[in-house]
Amino acid sequence: MDGLSGNIQAEPRILTHDAVAVVIGAINNSDSNHGISITNAGSSYSVDDEITLTTNGTATGAAKIVVDEISGTPGSGAVTDYHVKTGDEGAGYAVAGAASIQQDAGAGVFACVITNIDIPNTQKRGCCLYSGASQTVQVELESGSKVSFVGVNAGSFLPILAKRLVTGTNIVALY
């Protein structure tokens, strides 16, 4: 779905096949590295362990990382593969913010930096938005430019290709 010119399959979406509530600063689990980069793989982990990240910096809701693979034996391994737990992507994180470190006691320290807080599934194409509240909505578009839509009425659709929500509440991404 690259490019718009002459490719009807890549034209801006007018009908949706999915809708997802947008949380500002949630970790983008659909990114190739699940929206984080490990800076310390820790120790004492087993597959399916959950790591709760601290809310360093601007974060207002803690994300949870699920361990998919480890190096070493269960209970003493370092994290080698992971994903962000669906529904627990956190809120208010910033890209390249301070390292987020697990809060769980007893296991080795896992640390990471946040690399992607875009709206999920917008790596190739942005998404349209629905606003459930009367407000000003600020977004980052596919081009990387930020724009504010002032006076958006409750129940409005924004037929734009947004990659990241900067300000706004009660926003739903339409794919």
Give the peptides 147-155, 124-132 in descending order of average Cβ contacts within 10 Å, highest first.
-> 124-132, 147-155
Added length on full extension, which subtracts the Cα-Cα distance from 0.36 nm per residue, V150 to S37 | 37.2 nm
Give me the lysines in straight-line cross-link reach of K146: C-alpha distance below 17 Å, same-chain residues under 8 apart excluded.
-> K163
Approximate spin-label separation V109-A96, in nm, with each point projected 7 Å along Cα-to-Cβ = 2.3 nm
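Just so you know, all these numbers are worked out from the coordinates, no wet-lab data involved. Here the structure is a predicted model, which means the values were calculated and not measured. For neighbour counting, all protein chains shown are included, and Cβ atoms are generated from backbone atoms with ideal geometry for every residue, glycine included.
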